[in-house]
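To start, the structure itself, in structure tokens.
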Amino acid sequence: LAEFVDNLRQYGCTEENDAQTRDGTRYLLGLYKDAGNRWFNVSAPDEIHGENVSAYNKMHKAWTAYVGLHRRVFEAPGPETYQRAAREMLALSRARGSPSGDESAGAGQLRL
């Protein structure tokens, strides 16, 4: 669940503008509270109080909880980055509108 909430946050979703992000955040915080405010104490249904849980799985739970809960601060793309180029291509695509019905270009291809 934490990884799913993390993906939503990467697309700009927050507790204020998205119900799934809000509900997922509340659920994660409920797990944290129920585990005595320690991520290492959060157990999956098939785990018995930390028995048969690898160090990796304990750390993975704590890390994914962190990335699922922390807020994102998006930075403007630098002048010579792939992010800048991708945004420019998307803007160009939007400016040109929908395909004109020309079948020579494949679906999803940008016409230049």
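Please specify each residue of the range 45-57 satisfying the condition of being of a type in the set (A, V, I, L, M, F, W, C) and open to solvent by 70 Å² or more (accessible area, probe 1.4 Å).
Passing the criteria: Ile48, Ala55.
Is one or more of the residues making up the range 63-80 charged (D, E, K, R), under 22 Å from the mean Cα position of the chain (by Cα) and open to solvent by less than 90 Å² (accessible area, probe 1.4 Å)?
yes
For the range 20-38, name all the residues that are assigned to a helix (DSSP H, G or I) and open to solvent by 50 Å² or more (accessible area, probe 1.4 Å).
Gln20, Arg22, Asp23, Arg26, Tyr27, Leu29, Leu31, Tyr32, Lys33, Asp34
What are the pairs, 6+ residues apart or on separate chains, where a residue within the range 22-37 that is small (Gly, Ala, Ser) has its Cβ under 8 Å from a residue that is outside any loop (DSSP other than H, G, I, E, B)?
Taking only residues 6 or more apart or on different chains, the pairs are Gly24/Ala2; Gly24/Phe4; Gly24/Val5; Gly24/Leu8; Gly24/Gly68; Ala35/Asn41.
Looking at the range 41-76 only, could you name the residues that are more than 28 Å from Tyr11 (Cα to Cα) and not in a loop (DSSP other than H, G, I, E, B)?
Asn41, Ile48, Glu51, Ala55
Give me the pairs, please: first residue somewhere in the range 70-98 and in contact (Cβ under 8 Å) with a residue 40 or more places away in the chain, second residue anywhere and open to solvent by 90 Å² or more (accessible area, probe 1.4 Å), beta-carbon distance under 7 Å, and either six or more positions apart or on two chains.
Matching pairs, first to second residue: Arg72/Gln10.
With the checklist (1) modelled with pLDDT of 80 or more; (2) exposed (fewer than 11 other Cβ atoms within 10 Å of the Cβ) in hand, flag the one item His60 doesn't pass.
Checking His60 against (1) modelled with pLDDT of 80 or more; (2) exposed (fewer than 11 other Cβ atoms within 10 Å of the Cβ), the one that fails is (2).
The values are calculated or read from the model by the stated rules, or taken from the named source; none is laboratory data. Owing to the predicted nature of the structure, the values given are computational and were not obtained by experimental measurement. Don't worry about glycine lacking a Cβ; one is built from the backbone with ideal geometry, like all the others, and counts go over all protein chains shown. Ligands, DNA and RNA are excluded from the accessible area calculation, which covers all protein heavy atoms including side chains. Shrake-Rupley method; radii C 1.70, N 1.55, O 1.52, S 1.80 Å.
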